[in-house]
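Undergrad: Below you will find the structure I want to go over with you.
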Amino acid sequence: RIEIPTLSYKMLDGKIAYIKLREFNEIAPKKLREALKELIPQKPVGIILDLRGNPGGLLSAAVEVASQFVDKSPILIEKTKGGETKLFKAVPGGLATDPTIPLVVLVNGASASASEIVAGAIRDHGRGILLGEKTLGKGSVQQPFTLKDGSELRVTTARWFTPSGEAIHGTGLTPDIEVKAGEGDKDVQLEKAVEYLLGLRK
């Protein structure tokens with residue numbers, strides 16, 4: 001059995017805080033806070049939040065994770081077929097909301113659902129930029145129904161929108177800086193994110 005950690009983090013060259021979040025499960029917000037409590041006191045010149053390959057997870061976890069970086073509301077907008085709108089507000093007490101610490105969110109075609117909620121909130125509220133490739137575009141709320149023969153029917157009951165009103169479902173989020181993935185072991189996107197953050201200091 002191989003267990004993949006929900007979150008991992010480190011300082012790059014002692015200057016940039018790097019956080020890799022692999023899924024939005026129950027422990028993701030707690031793990032993120034623990035990481036930030038260790039990284040922020042080291043006075044990083046920037047933060048990289050890596051959501052590449054993150055398929056999403058719990059909506060509540062997405063709101064809490066986004067709130068660690070964004071102290072403005074809403075985090076996302078949910079609209080039902082009947083026209084009802086629900087706003088999800090930021091949770092107070094975020095540890096990395098300081099705008100003087102620039103933030104880059106890494107995304108790609110496998111960043112979906114909750115990942116897109118977090119990325120959209122950070123971008124729309126001006127907290128950071130998105131770098132990488134266009135996200136998947138999974139932003140719908142589905143209600144499952146189990147049928148008599150054991151099969152399952154999923155009915156879409158609502159869709160998610162970023163704080164500025166941009167639809168997530170079916171379109172995805174286009175990065176502020178588009179960078180295609182490199183070949184082999186070379187992580188071109190991460191290198192570009194580091195380059196961008198260090199360039200802001202000049």
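Undergrad: If you check every pair at least six apart or on different chains, which have Cβ atoms under 7 Å apart with a residue in segment 80-92 that is closer than 16 Å to residue 169 by Cβ first and a residue that is modelled with pLDDT under 95 and among the hydrophobic types (A, V, I, L, M, F, W, C) second?
TA: Hits for this filter: 80/158.
Undergrad: Hey, can you tell me all the residues within segment 157-202 that are in contact (Cβ under 8 Å) with a residue 40 or more places away in the chain, under 18 Å from residue 59 (Cα atoms) and not small (Gly, Ala, Ser)?
TA: Once the filter is applied, which keeps residues that are in contact (Cβ under 8 Å) with a residue 40 or more places away in the chain, under 18 Å from residue 59 (Cα atoms) and not small (Gly, Ala, Ser), segment 157-202 yields 157, 159, 160, 161, 162, 163, 166, 168, 173.
Undergrad: Let me ask something else about it. Any residue at all in segment 86-98 that is modelled with pLDDT under 95 and either open to solvent by 50 Å² or more (accessible area, probe 1.4 Å) or more than 13 Å from the chain's Cα centre (by Cα) (or both)?
TA: Among the residues of segment 86-98, not one is modelled with pLDDT under 95 and either open to solvent by 50 Å² or more (accessible area, probe 1.4 Å) or more than 13 Å from the chain's Cα centre (by Cα) (or both), which makes the answer no.
Undergrad: Filter segment 6-22 for residues that are more than 15 Å from residue 41 (Cα to Cα) and exposed (fewer than 10 other Cβ atoms within 10 Å of the Cβ) and give the result.
TA: 13
Undergrad: In this structure, is residue 137 part of a loop (DSSP other than H, G, I, E, B) and more than 26 Å from residue 100 (Cα to Cα)?
TA: Working: part of a loop (DSSP other than H, G, I, E, B): yes; more than 26 Å from residue 100 (Cα to Cα): yes.
Answer is yes for this residue.
Undergrad: Got at least one residue in segment 172-195 being assigned to a helix (DSSP H, G or I), open to solvent by less than 20 Å² (accessible area, probe 1.4 Å) and under 30 Å from residue 43 (Cα atoms)?
TA: yes
Undergrad: Right, next: Out of (1) within 16 Å of residue 165 (Cβ to Cβ); (2) open to solvent by 30 Å² or more (accessible area, probe 1.4 Å), what's the single condition that is false for residue 59?
TA: Result: residue 59 fails condition (1) only.
Undergrad: Related question: For segment 139-167, what are the residues that are open to solvent by 70 Å² or more (accessible area, probe 1.4 Å) and either of a type in the set (Val, Ile, Thr) or touching a Gly at 6+ places or on another chain (Cβ under 9 Å) (or both)?
TA: Result: 146, 159, 164.
The values are calculated or read from the model by the stated rules, or taken from the named source; none is laboratory data. In this text, all values refer to a predicted model and were calculated from it rather than measured experimentally. Quick reminder, even Gly has a Cβ in these numbers, built from the backbone with ideal geometry, and neighbours come from all protein chains shown. All accessible areas refer to the heavy atoms of the entire protein, side chains included, with ligands and DNA or RNA removed. Shrake-Rupley method; radii C 1.70, N 1.55, O 1.52, S 1.80 Å.
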